1. Taking the Cα centre of the chain as origin and charging only Cβ (+1 Lys, Arg; -1 Asp, Glu), how large is the dipole, in debye to the nearest 20?
2. To the nearest 10 degrees, how steeply does helix 437-453 sit against the main Cα axis of the chain, on a 0 to 90 scale?
3. Going by alpha carbons, how many degrees (0 to 90, nearest 10) lie between the helix axis of 248-258 and the longest principal axis of the chain?
4. Enter the Cα centre distance for the pair the range 300-327 and the range 102-122, rounded to the nearest angstrom.
5. Once Lys and Arg get +1 and Asp and Glu get -1 on their Cβ, which of 113, 123, 97 lies farthest toward the positive end of the dipole of the range 75-128?
6. Arranged from highest to lowest average of other beta-carbon atoms within 10 Å per residue, in what order do the peptides 217-224, 346-353, 304-311 appear?
7. Hey, can you find the accessible area per residue of the range 273-427 for me, probe 1.4 Å, expressed in square angstrom?
8. Find the centroid of the Cα atoms in the range 242-265 and in the range 441-478, then give the distance between the two in whole Å.
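The values are calculated or read from the model by the stated rules, or taken from the named source; none is laboratory data. Quick caveat, the model's predicted, so the values are computed rather than measured. Every residue, glycine among them, receives a Cβ derived from its backbone with ideal geometry; neighbour counts consider all protein chains shown. Note: areas computed on protein heavy atoms with side chains; ligands, DNA, RNA excluded. Shrake-Rupley method; radii C 1.70, N 1.55, O 1.52, S 1.80 Å.
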Amino acid sequence: MLYNTLSRRKEEFVPYNPPRVGLYVCGPTVYGDPHLGHARPAITFDLLFRYLSQQGYKVRYVRNITDVGHLEHDADEGEDKIEKKAKLEQLEPMEIAQYYTDRYHKYMEQLGVNPPSIEPRASGHIIEQIELIKKILEAGYAYESNGSIYFDVEAYDRKFHYGKLSGRVLEEMMSNTRELDGQGDKRNPYDFALWKKASPEHIMRWPSPWSDGFPGWHLECSAMSMKYLGERFDIHGGGMDLMFPHHECEIAQSTAACGHDAARYWIHNNMITINGQKMGKSLGNFITLEEMFTGKHKLLEQAYSPMTIRFFILQAHYRSTLDFSNEALQAAEKGLDRLMKAMETLDKIKPAAATTVDIDDLEKRYREAMDDDLNSPMVISALFDWVRIINQLHDGSQSITADDLARLKTLMHTIVFEVLGLRDEKAAGAAGGNDLVTPLVNMLLEMRMQAKAAKDWATSDRIRDGLTAIGIRVKDRKDGCDWEIE
Ligand code: ZN
(Lines give C-alpha, C1' and ligand atoms only; values in the text may rest on other atoms or scores of the structure.)
Protein backbone atom coordinates (compact mmCIF):
# COMPACT_ATOMS: atom_id res chain seq x y z
CA MET A 1 0.00 0.00 0.00
CA LEU A 2 1.35 3.40 -0.96
CA TYR A 3 0.94 6.24 1.46
CA ASN A 4 2.26 9.77 1.48
CA THR A 5 3.11 9.95 -2.17
CA LEU A 6 1.65 11.31 -5.33
CA SER A 7 4.20 9.78 -7.64
CA ARG A 8 1.87 7.21 -9.23
CA ARG A 9 -1.07 9.50 -9.13
CA LYS A 10 -2.18 9.75 -12.74
CA GLU A 11 -2.34 6.03 -13.50
CA GLU A 12 -4.27 5.21 -10.36
CA PHE A 13 -7.11 7.68 -10.56
CA VAL A 14 -10.44 6.46 -11.81
CA PRO A 15 -10.49 7.31 -15.54
CA TYR A 16 -13.38 9.73 -16.00
CA ASN A 17 -13.32 12.40 -18.64
CA PRO A 18 -12.43 14.99 -17.51
CA PRO A 19 -10.45 13.00 -14.98
CA ARG A 20 -11.98 13.40 -11.53
CA VAL A 21 -10.32 13.40 -8.17
CA GLY A 22 -12.02 12.97 -4.81
CA LEU A 23 -10.13 14.76 -2.04
CA TYR A 24 -11.13 14.72 1.61
CA VAL A 25 -9.30 16.77 4.23
CA CYS A 26 -9.98 16.93 7.97
CA GLY A 27 -11.00 20.51 8.69
CA PRO A 28 -11.00 22.63 11.81
CA THR A 29 -12.72 22.07 15.13
CA VAL A 30 -14.50 25.36 15.70
CA TYR A 31 -14.14 26.24 19.36
CA GLY A 32 -11.19 28.64 19.25
CA ASP A 33 -9.57 31.33 17.15
CA PRO A 34 -7.75 30.12 14.02
CA HIS A 35 -4.02 29.80 14.70
CA LEU A 36 -0.81 28.92 12.90
CA GLY A 37 -1.63 25.23 13.22
CA HIS A 38 -4.66 25.80 10.97
CA ALA A 39 -2.65 27.60 8.30
CA ARG A 40 -0.37 24.75 7.28
CA PRO A 41 -2.86 22.00 6.37
CA ALA A 42 -5.17 24.57 4.75
CA ILE A 43 -2.35 25.90 2.53
CA THR A 44 -0.88 22.44 1.80
CA PHE A 45 -4.17 21.04 0.53
CA ASP A 46 -5.07 24.29 -1.20
CA LEU A 47 -1.84 23.86 -3.18
CA LEU A 48 -2.84 20.30 -4.09
CA PHE A 49 -6.38 21.42 -5.00
CA ARG A 50 -5.08 24.26 -7.15
CA TYR A 51 -2.43 22.16 -8.88
CA LEU A 52 -4.74 19.26 -9.73
CA SER A 53 -7.39 21.69 -10.99
CA GLN A 54 -4.79 23.53 -13.06
CA GLN A 55 -3.70 20.19 -14.57
CA GLY A 56 -7.23 19.63 -15.85
CA TYR A 57 -8.58 17.35 -13.13
CA LYS A 58 -12.09 17.96 -11.92
CA VAL A 59 -11.54 17.91 -8.18
CA ARG A 60 -14.28 17.47 -5.61
CA TYR A 61 -12.62 18.78 -2.48
CA VAL A 62 -14.47 18.07 0.76
CA ARG A 63 -13.20 19.67 3.97
CA ASN A 64 -15.35 19.26 7.05
CA ILE A 65 -16.15 21.49 10.01
CA THR A 66 -16.06 19.65 13.33
CA ASP A 67 -18.78 21.35 15.34
CA VAL A 68 -19.80 18.49 17.60
CA GLY A 69 -18.44 15.76 19.80
CA HIS A 70 -14.81 16.71 20.05
CA LEU A 71 -13.94 15.97 23.64
CA GLU A 72 -10.97 16.80 25.76
CA HIS A 73 -8.19 14.22 26.36
CA ASP A 74 -9.08 12.00 23.44
CA ALA A 75 -12.09 11.44 21.27
CA ASP A 76 -14.08 9.69 23.99
CA GLU A 77 -13.41 11.31 27.33
CA GLY A 78 -13.81 14.63 29.08
CA GLU A 79 -15.88 17.66 28.34
CA ASP A 80 -17.05 18.86 24.94
CA LYS A 81 -14.86 21.89 24.15
CA ILE A 82 -17.58 23.80 22.30
CA GLU A 83 -20.01 23.22 25.14
CA LYS A 84 -17.50 24.27 27.75
CA LYS A 85 -17.04 27.62 26.02
CA ALA A 86 -20.79 27.99 25.45
CA LYS A 87 -21.46 27.52 29.17
CA LEU A 88 -18.73 29.97 30.14
CA GLU A 89 -20.03 32.64 27.78
CA GLN A 90 -23.73 31.75 28.16
CA LEU A 91 -24.21 31.17 24.46
CA GLU A 92 -25.76 28.42 22.38
CA PRO A 93 -23.03 25.94 21.33
CA MET A 94 -23.97 26.67 17.72
CA GLU A 95 -23.28 30.37 18.28
CA ILE A 96 -19.75 29.46 19.31
CA ALA A 97 -19.36 27.12 16.34
CA GLN A 98 -20.72 29.73 13.91
CA TYR A 99 -18.52 32.50 15.30
CA TYR A 100 -15.32 30.51 14.91
CA THR A 101 -16.37 29.07 11.54
CA ASP A 102 -16.78 32.65 10.28
CA ARG A 103 -13.40 33.61 11.73
CA TYR A 104 -11.81 30.58 10.10
CA HIS A 105 -13.27 31.51 6.70
CA LYS A 106 -12.10 35.10 7.06
CA TYR A 107 -8.49 34.13 7.79
CA MET A 108 -8.41 31.43 5.11
CA GLU A 109 -9.56 34.01 2.57
CA GLN A 110 -6.74 36.31 3.66
CA LEU A 111 -4.25 33.46 3.31
CA GLY A 112 -5.42 32.92 -0.26
CA VAL A 113 -6.95 29.51 0.56
CA ASN A 114 -9.75 28.75 -1.89
CA PRO A 115 -12.93 27.37 -0.34
CA PRO A 116 -13.42 23.61 -0.80
CA SER A 117 -16.14 22.28 -3.13
CA ILE A 118 -18.18 21.06 -0.14
CA GLU A 119 -17.75 22.01 3.51
CA PRO A 120 -20.03 19.68 5.49
CA ARG A 121 -20.65 20.13 9.21
CA ALA A 122 -20.67 17.16 11.55
CA SER A 123 -23.85 18.43 13.24
CA GLY A 124 -25.62 18.44 9.87
CA HIS A 125 -24.83 14.76 9.27
CA ILE A 126 -26.11 13.00 12.38
CA ILE A 127 -28.44 10.75 10.36
CA GLU A 128 -25.59 9.56 8.11
CA GLN A 129 -23.47 8.86 11.19
CA ILE A 130 -26.23 6.83 12.85
CA GLU A 131 -26.68 4.81 9.64
CA LEU A 132 -22.95 4.09 9.52
CA ILE A 133 -22.99 2.91 13.15
CA LYS A 134 -25.83 0.51 12.26
CA LYS A 135 -23.72 -0.95 9.44
CA ILE A 136 -20.70 -1.42 11.70
CA LEU A 137 -22.91 -3.07 14.35
CA GLU A 138 -24.41 -5.41 11.75
CA ALA A 139 -20.94 -6.37 10.54
CA GLY A 140 -20.04 -7.33 14.13
CA TYR A 141 -17.34 -4.75 14.83
CA ALA A 142 -19.12 -2.70 17.46
CA TYR A 143 -21.04 -3.30 20.70
CA GLU A 144 -23.51 -1.43 22.85
CA SER A 145 -22.72 -0.59 26.42
CA ASN A 146 -25.12 1.46 28.61
CA GLY A 147 -26.53 3.40 25.68
CA SER A 148 -23.14 4.08 24.07
CA ILE A 149 -21.72 2.25 21.07
CA TYR A 150 -18.02 1.37 20.90
CA PHE A 151 -15.89 0.10 18.07
CA ASP A 152 -14.51 -3.36 18.91
CA VAL A 153 -10.85 -2.92 17.98
CA GLU A 154 -9.84 -6.48 18.94
CA ALA A 155 -12.56 -8.08 16.82
CA TYR A 156 -11.58 -5.83 13.91
CA ASP A 157 -7.88 -6.55 14.31
CA ARG A 158 -8.51 -10.30 14.10
CA LYS A 159 -9.57 -9.85 10.49
CA PHE A 160 -7.90 -6.57 9.45
CA HIS A 161 -4.89 -4.65 10.71
CA TYR A 162 -5.68 -1.86 13.15
CA GLY A 163 -2.72 0.52 12.98
CA LYS A 164 -1.56 -0.11 9.40
CA LEU A 165 -1.36 3.56 8.45
CA SER A 166 0.87 4.58 11.33
CA GLY A 167 2.74 1.27 11.44
CA ARG A 168 1.38 0.26 14.83
CA VAL A 169 0.56 -3.24 16.01
CA LEU A 170 -2.35 -3.70 18.41
CA GLU A 171 -0.63 -6.30 20.64
CA GLU A 172 2.34 -4.00 21.17
CA MET A 173 0.08 -1.05 21.87
CA MET A 174 -1.81 -3.09 24.45
CA SER A 175 1.27 -4.42 26.19
CA ASN A 176 2.70 -0.89 26.39
CA THR A 177 -0.41 0.51 28.02
CA ARG A 178 -1.30 0.18 31.62
CA GLU A 179 -4.99 -0.26 32.36
CA LEU A 180 -6.42 3.22 31.91
CA ASP A 181 -8.53 4.78 34.59
CA GLY A 182 -11.96 5.85 33.49
CA GLN A 183 -12.22 3.16 30.86
CA GLY A 184 -15.88 3.21 31.78
CA ASP A 185 -18.14 1.22 29.52
CA LYS A 186 -15.43 0.09 27.11
CA ARG A 187 -14.30 -3.53 26.99
CA ASN A 188 -10.81 -2.54 25.97
CA PRO A 189 -8.88 0.75 26.35
CA TYR A 190 -8.32 0.91 22.57
CA ASP A 191 -11.99 0.72 21.71
CA PHE A 192 -13.34 4.09 20.64
CA ALA A 193 -16.81 5.60 20.81
CA LEU A 194 -19.05 5.64 17.76
CA TRP A 195 -21.95 6.99 19.82
CA LYS A 196 -21.86 8.41 23.32
CA LYS A 197 -24.88 8.56 25.58
CA ALA A 198 -25.18 12.17 26.76
CA SER A 199 -24.92 12.91 30.46
CA PRO A 200 -27.87 15.00 31.79
CA GLU A 201 -25.90 18.30 31.57
CA HIS A 202 -24.69 17.69 28.00
CA ILE A 203 -26.38 20.26 25.70
CA MET A 204 -25.50 19.01 22.20
CA ARG A 205 -27.52 15.81 21.88
CA TRP A 206 -29.55 13.97 19.29
CA PRO A 207 -31.94 11.01 19.47
CA SER A 208 -30.68 7.63 18.25
CA PRO A 209 -31.83 3.99 18.54
CA TRP A 210 -29.48 3.57 21.53
CA SER A 211 -29.74 6.78 23.56
CA ASP A 212 -29.98 10.54 23.37
CA GLY A 213 -26.38 11.38 22.71
CA PHE A 214 -23.80 12.45 20.16
CA PRO A 215 -21.44 10.79 17.66
CA GLY A 216 -17.78 10.04 18.35
CA TRP A 217 -15.33 12.37 16.66
CA HIS A 218 -13.73 9.87 14.25
CA LEU A 219 -17.07 8.87 12.82
CA GLU A 220 -17.97 12.15 11.09
CA CYS A 221 -15.10 11.95 8.59
CA SER A 222 -15.97 8.39 7.55
CA ALA A 223 -19.67 9.27 7.20
CA MET A 224 -19.17 12.53 5.31
CA SER A 225 -16.43 11.31 2.97
CA MET A 226 -18.64 8.32 2.11
CA LYS A 227 -21.63 10.56 1.47
CA TYR A 228 -19.87 13.01 -0.85
CA LEU A 229 -17.02 10.98 -2.36
CA GLY A 230 -18.31 7.41 -2.26
CA GLU A 231 -17.00 4.26 -0.61
CA ARG A 232 -13.68 4.67 -2.43
CA PHE A 233 -11.99 7.95 -3.18
CA ASP A 234 -8.55 9.14 -4.21
CA ILE A 235 -6.87 11.23 -1.55
CA HIS A 236 -7.38 11.77 2.16
CA GLY A 237 -5.38 14.50 3.84
CA GLY A 238 -4.77 16.07 7.20
CA GLY A 239 -2.10 17.01 9.70
CA MET A 240 0.41 14.40 10.83
CA ASP A 241 -1.01 14.66 14.37
CA LEU A 242 -4.27 13.17 13.07
CA MET A 243 -2.68 9.99 11.72
CA PHE A 244 -3.18 8.23 15.04
CA PRO A 245 -5.74 7.66 16.32
CA HIS A 246 -8.08 9.72 14.11
CA HIS A 247 -7.19 8.42 10.63
CA GLU A 248 -6.49 4.93 11.90
CA CYS A 249 -10.03 4.88 13.36
CA GLU A 250 -11.47 6.26 10.11
CA ILE A 251 -9.85 3.40 8.17
CA ALA A 252 -11.22 0.89 10.70
CA GLN A 253 -14.76 2.32 10.50
CA SER A 254 -14.85 2.41 6.69
CA THR A 255 -13.34 -1.06 6.41
CA ALA A 256 -15.74 -2.49 9.01
CA ALA A 257 -18.72 -1.02 7.13
CA CYS A 258 -17.65 -1.62 3.51
CA GLY A 259 -15.03 -4.37 3.70
CA HIS A 260 -12.27 -2.18 2.27
CA ASP A 261 -10.36 1.09 2.71
CA ALA A 262 -12.00 4.29 1.59
CA ALA A 263 -8.94 6.37 0.63
CA ARG A 264 -6.38 5.25 -1.94
CA TYR A 265 -3.70 7.71 -0.76
CA TRP A 266 -3.04 9.45 2.50
CA ILE A 267 -1.21 12.74 2.61
CA HIS A 268 -0.10 14.23 5.92
CA ASN A 269 1.44 17.62 6.38
CA ASN A 270 4.08 17.89 9.07
CA MET A 271 3.79 20.12 12.13
CA ILE A 272 5.03 23.62 12.76
CA THR A 273 7.29 24.61 15.61
CA ILE A 274 7.93 28.06 17.09
CA ASN A 275 11.59 28.86 17.73
CA GLY A 276 12.25 25.12 17.72
CA GLN A 277 9.47 24.27 20.20
CA LYS A 278 6.15 22.59 19.69
CA MET A 279 3.34 25.15 19.71
CA GLY A 280 1.12 24.89 22.79
CA LYS A 281 -1.03 27.06 25.01
CA SER A 282 0.88 25.96 28.13
CA LEU A 283 4.22 26.92 26.54
CA GLY A 284 3.12 30.53 25.94
CA ASN A 285 4.06 30.27 22.25
CA PHE A 286 0.58 29.73 20.89
CA ILE A 287 0.08 32.32 18.13
CA THR A 288 -3.29 33.00 16.50
CA LEU A 289 -3.49 34.19 12.90
CA GLU A 290 -4.81 37.54 14.09
CA GLU A 291 -1.76 37.98 16.32
CA MET A 292 0.45 37.02 13.41
CA PHE A 293 -1.14 39.53 11.03
CA THR A 294 -1.11 42.37 13.61
CA GLY A 295 2.20 41.54 15.30
CA LYS A 296 0.52 41.66 18.71
CA HIS A 297 2.25 38.77 20.45
CA LYS A 298 5.24 38.91 22.74
CA LEU A 299 7.28 36.59 20.51
CA LEU A 300 6.75 38.67 17.37
CA GLU A 301 9.04 41.56 16.42
CA GLN A 302 6.59 42.85 13.80
CA ALA A 303 3.36 42.03 11.96
CA TYR A 304 3.61 39.43 9.18
CA SER A 305 1.17 39.68 6.31
CA PRO A 306 -0.99 36.72 5.23
CA MET A 307 1.04 36.34 2.02
CA THR A 308 4.30 36.29 3.98
CA ILE A 309 2.89 33.41 6.03
CA ARG A 310 1.69 31.61 2.90
CA PHE A 311 5.00 32.08 1.12
CA PHE A 312 6.89 30.94 4.22
CA ILE A 313 4.81 27.75 4.43
CA LEU A 314 5.26 27.04 0.71
CA GLN A 315 9.03 27.48 1.00
CA ALA A 316 9.17 24.24 3.01
CA HIS A 317 8.14 20.84 1.76
CA TYR A 318 4.84 19.86 3.38
CA ARG A 319 6.38 16.72 4.88
CA SER A 320 9.16 18.62 6.67
CA THR A 321 8.70 20.28 10.02
CA LEU A 322 8.62 24.05 9.72
CA ASP A 323 10.05 26.36 12.34
CA PHE A 324 8.60 29.84 12.75
CA SER A 325 11.07 32.47 13.91
CA ASN A 326 11.22 36.22 13.32
CA GLU A 327 14.41 35.78 11.34
CA ALA A 328 12.94 33.17 9.00
CA LEU A 329 9.71 35.15 8.52
CA GLN A 330 11.60 38.32 7.72
CA ALA A 331 13.65 36.44 5.13
CA ALA A 332 10.41 35.13 3.61
CA GLU A 333 8.98 38.64 3.53
CA LYS A 334 12.04 39.88 1.59
CA GLY A 335 11.93 36.91 -0.79
CA LEU A 336 8.25 37.45 -1.53
CA ASP A 337 8.88 41.13 -2.16
CA ARG A 338 11.60 40.29 -4.71
CA LEU A 339 9.26 37.86 -6.45
CA MET A 340 6.40 40.39 -6.62
CA LYS A 341 8.75 43.09 -7.93
CA ALA A 342 9.82 40.69 -10.68
CA MET A 343 6.15 40.11 -11.55
CA GLU A 344 5.79 43.89 -11.99
CA THR A 345 9.03 44.07 -13.98
CA LEU A 346 7.63 41.40 -16.31
CA ASP A 347 5.06 43.97 -17.49
CA LYS A 348 7.78 46.46 -18.32
CA ILE A 349 9.97 44.24 -20.53
CA LYS A 350 10.19 45.40 -24.14
CA PRO A 351 10.13 42.60 -26.74
CA ALA A 352 13.09 42.15 -29.08
CA ALA A 353 13.80 40.36 -32.37
CA ALA A 354 15.27 37.23 -30.77
CA THR A 355 14.93 35.16 -27.60
CA THR A 356 18.05 34.30 -25.62
CA VAL A 357 16.35 32.59 -22.62
CA ASP A 358 14.96 29.05 -22.24
CA ILE A 359 11.32 29.20 -21.12
CA ASP A 360 10.96 25.41 -21.45
CA ASP A 361 13.41 25.11 -18.57
CA LEU A 362 11.06 26.97 -16.22
CA GLU A 363 8.05 24.93 -17.32
CA LYS A 364 9.92 21.65 -16.95
CA ARG A 365 11.33 22.48 -13.52
CA TYR A 366 7.91 23.61 -12.29
CA ARG A 367 6.10 20.47 -13.48
CA GLU A 368 8.77 18.05 -12.32
CA ALA A 369 8.86 19.63 -8.87
CA MET A 370 5.06 19.65 -8.47
CA ASP A 371 4.73 16.07 -9.76
CA ASP A 372 7.40 15.00 -7.29
CA ASP A 373 5.13 14.97 -4.24
CA LEU A 374 4.23 18.69 -4.39
CA ASN A 375 7.76 19.96 -4.02
CA SER A 376 6.91 23.65 -3.65
CA PRO A 377 10.39 24.67 -2.38
CA MET A 378 11.87 23.42 -5.67
CA VAL A 379 9.29 25.43 -7.61
CA ILE A 380 10.22 28.55 -5.63
CA SER A 381 13.89 27.96 -6.24
CA ALA A 382 13.21 27.79 -10.02
CA LEU A 383 11.18 31.01 -9.72
CA PHE A 384 14.10 32.82 -8.08
CA ASP A 385 16.38 31.81 -10.94
CA TRP A 386 13.79 33.40 -13.19
CA VAL A 387 13.59 36.55 -11.07
CA ARG A 388 17.23 37.07 -12.06
CA ILE A 389 16.48 36.31 -15.73
CA ILE A 390 13.48 38.69 -15.74
CA ASN A 391 15.72 41.47 -14.42
CA GLN A 392 18.24 40.67 -17.20
CA LEU A 393 15.45 40.82 -19.80
CA HIS A 394 14.49 44.19 -18.40
CA ASP A 395 18.02 45.67 -18.31
CA GLY A 396 18.71 44.40 -21.83
CA SER A 397 21.43 41.83 -21.09
CA GLN A 398 19.04 39.11 -22.36
CA SER A 399 16.31 39.44 -24.97
CA ILE A 400 12.91 37.92 -25.76
CA THR A 401 10.43 38.06 -28.65
CA ALA A 402 6.85 39.28 -28.18
CA ASP A 403 5.42 35.73 -28.49
CA ASP A 404 7.87 34.28 -25.99
CA LEU A 405 7.27 37.18 -23.63
CA ALA A 406 3.53 36.49 -23.71
CA ARG A 407 4.23 32.81 -22.97
CA LEU A 408 6.58 33.67 -20.12
CA LYS A 409 4.01 36.01 -18.58
CA THR A 410 1.28 33.36 -18.75
CA LEU A 411 3.55 30.74 -17.22
CA MET A 412 4.75 33.01 -14.40
CA HIS A 413 1.16 34.07 -13.64
CA THR A 414 0.00 30.44 -13.60
CA ILE A 415 2.75 29.33 -11.22
CA VAL A 416 2.84 32.34 -8.90
CA PHE A 417 -0.81 33.42 -8.70
CA GLU A 418 -2.91 30.40 -9.73
CA VAL A 419 -0.99 27.44 -8.34
CA LEU A 420 1.06 28.86 -5.46
CA GLY A 421 -1.91 31.15 -4.77
CA LEU A 422 0.22 34.19 -3.96
CA ARG A 423 -1.07 37.74 -4.26
CA ASP A 424 0.63 41.10 -4.65
CA GLU A 425 -0.59 42.53 -1.35
CA LYS A 426 0.95 45.96 -1.89
CA ALA A 427 -0.68 46.52 -5.27
CA ALA A 428 -3.96 44.95 -4.16
CA GLY A 429 -4.02 46.98 -0.92
CA ALA A 430 -3.37 50.26 -2.74
CA ALA A 431 -6.29 49.63 -5.09
CA GLY A 432 -8.70 48.31 -2.48
CA GLY A 433 -8.36 44.74 -3.66
CA ASN A 434 -8.39 45.32 -7.43
CA ASP A 435 -5.24 45.68 -9.44
CA LEU A 436 -6.09 49.04 -10.92
CA VAL A 437 -2.76 50.48 -9.89
CA THR A 438 -0.67 49.22 -12.81
CA PRO A 439 -2.82 50.59 -15.68
CA LEU A 440 -3.47 53.89 -13.86
CA VAL A 441 0.19 54.53 -13.08
CA ASN A 442 1.20 53.58 -16.62
CA MET A 443 -1.37 56.04 -17.99
CA LEU A 444 -0.08 58.87 -15.80
CA LEU A 445 3.53 58.13 -16.73
CA GLU A 446 2.64 58.21 -20.42
CA MET A 447 1.12 61.65 -19.90
CA ARG A 448 4.32 62.64 -18.09
CA MET A 449 6.42 61.45 -21.06
CA GLN A 450 4.31 63.60 -23.38
CA ALA A 451 4.71 66.59 -21.05
CA LYS A 452 8.48 66.07 -21.00
CA ALA A 453 8.60 65.82 -24.78
CA ALA A 454 6.75 69.14 -24.93
CA LYS A 455 9.20 70.56 -22.37
CA ASP A 456 6.29 71.11 -19.95
CA TRP A 457 8.47 70.51 -16.87
CA ALA A 458 5.84 71.77 -14.41
CA THR A 459 3.32 69.05 -15.42
CA SER A 460 6.03 66.38 -15.56
CA ASP A 461 7.18 67.22 -12.01
CA ARG A 462 3.65 67.46 -10.73
CA ILE A 463 2.87 63.91 -11.88
CA ARG A 464 6.09 62.52 -10.40
CA ASP A 465 5.64 64.35 -7.07
CA GLY A 466 1.99 63.35 -6.89
CA LEU A 467 2.91 59.70 -7.33
CA THR A 468 5.72 59.97 -4.75
CA ALA A 469 3.23 61.44 -2.28
CA ILE A 470 1.05 58.31 -2.48
CA GLY A 471 4.03 55.96 -2.17
CA ILE A 472 4.88 55.28 -5.82
CA ARG A 473 8.52 55.93 -6.61
CA VAL A 474 9.39 56.89 -10.21
CA LYS A 475 12.90 56.23 -11.52
CA ASP A 476 13.89 57.84 -14.81
CA ARG A 477 15.87 55.83 -17.34
CA LYS A 478 17.37 56.65 -20.72
CA ASP A 479 14.37 55.41 -22.72
CA GLY A 480 11.53 55.97 -20.26
CA CYS A 481 10.99 55.28 -16.60
CA ASP A 482 10.34 52.56 -14.00
CA TRP A 483 8.11 52.73 -11.00
CA GLU A 484 7.55 50.76 -7.85
CA ILE A 485 5.29 50.82 -4.84
CA GLU A 486 7.33 51.55 -1.72
ZN1 ZN B 1 -11.13 13.68 10.05
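1. 1120 debye
2. That helix lies at roughly 0 degrees to the long axis.
3. 70 degrees
4. So the separation of the two Cα centres works out to 20 Å.
5. Final value for the positive-end residue is 113.
6. The most tightly packed comes first, giving 217-224, 304-311, 346-353.
7. 45 Å²
8. 64 Å
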